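K.L.:
First the structure, which I've put down as structure tokens, then a few questions once you've had a look.
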Amino acid sequence: MFVQLDAYPFKDFGYLNGTLIKVSDNPANDSLYVGLIAFDSQFETSINFHLKVTSGMMGQGIAILSNKSLMQKLLSSVR
């Protein structure tokens, strides 16, 4: 998954790669779920920045459900 941290603007710092290990069974509040992510590197972003990450930082995770490009998805639906 791609992780964008609120403290580091995505356009300036890029995103972190990680794997979602666990998701809470119930939402914490307002339908937000808490997840545990194992990061692929020592907080090095997609554009080679090393971020100082601390416990409790907030951000958004974008799940990668398929490695197909948009064009591949469109073509597979036509077949």
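K.L.:
Got the relative contact order for segment 2-78 handy, in percent, Cα pairs under 8 Å and 6 or more residues apart? Intermediate values should be presented prior to the final figure.
P.N.:
Working: 96 pairs, mean separation 26.3, N = 77.
Computed over segment 2-78, the figure is 34 percent.
K.L.:
Could you tell me the calculated FRET efficiency between Ala28 and Lys68, based on Cβ-Cβ distance and R0 = 35 angstrom, to the nearest 0.05? Spell out each step's value before the answer.
P.N.:
Details: r = 32 Å, r/R0 = 0.92.
Given R0 = 35 Å and the Cβ-Cβ separation, E is 0.60.
K.L.:
Per 0.36 nm of contour for each residue apart, how much would the distance between Thr19 and Ser41 grow if the chain were fully extended, relative to their Cα-Cα spacing? If you can, show how the numbers build up before the last one.
P.N.:
Numbers: separation 22, 0.36 × 22 = 7.92 nm, distance 1.10 nm.
My answer for the length gained is 6.8 nm.
K.L.:
Same structure, new question: Would you mind ranking Met1, Met57 so that the residue whose beta carbon has the fewest other beta carbons within 10 Å leads the list?
P.N.:
On the way: Met1 18, Met57 13.
In increasing order of surrounding Cβ atoms, one gets Met57, Met1.
K.L.:
Right, another one. Rounded to a whole number of µm²/s, how large is the Stokes-Einstein D of the chain at 4 °C and 1.567 mPa s, given Rh as the Kirkwood radius over C-alpha pairs?
P.N.:
Details: Rh = 14.4 Å.
Roughly 90 µm²/s, to the nearest whole number.
K.L.:
Using θ = phi - 60° and the Karplus form 6.51 cos²θ - 1.76 cosθ + 1.60, what ³J(HN,Hα) does each residue of segment 39-50 get, whole Hz, x for Gly and Pro?
P.N.:
Taking θ as phi minus 60°, the curve returns 7, 6, 9, 7, 6, 8, 7, 4, 10, 6, 8, 9 Hz for segment 39-50.
K.L.:
So for Ser24, Ser66, Ser55, fewest C-beta neighbours within 10 Å to most, what's the order?
P.N.:
Details: Ser24 11, Ser66 7, Ser55 4.
Ranked by crowding around the Cβ, least crowded first: Ser55, Ser66, Ser24.
Since every read-out is calculated from the coordinates, none of them should be taken as a lab result. Not measured: the values here are computed from a predicted model. A quick note on method: Cβ atoms are made from the backbone with ideal geometry, for glycine too, and the neighbour counts reach across all protein chains shown.
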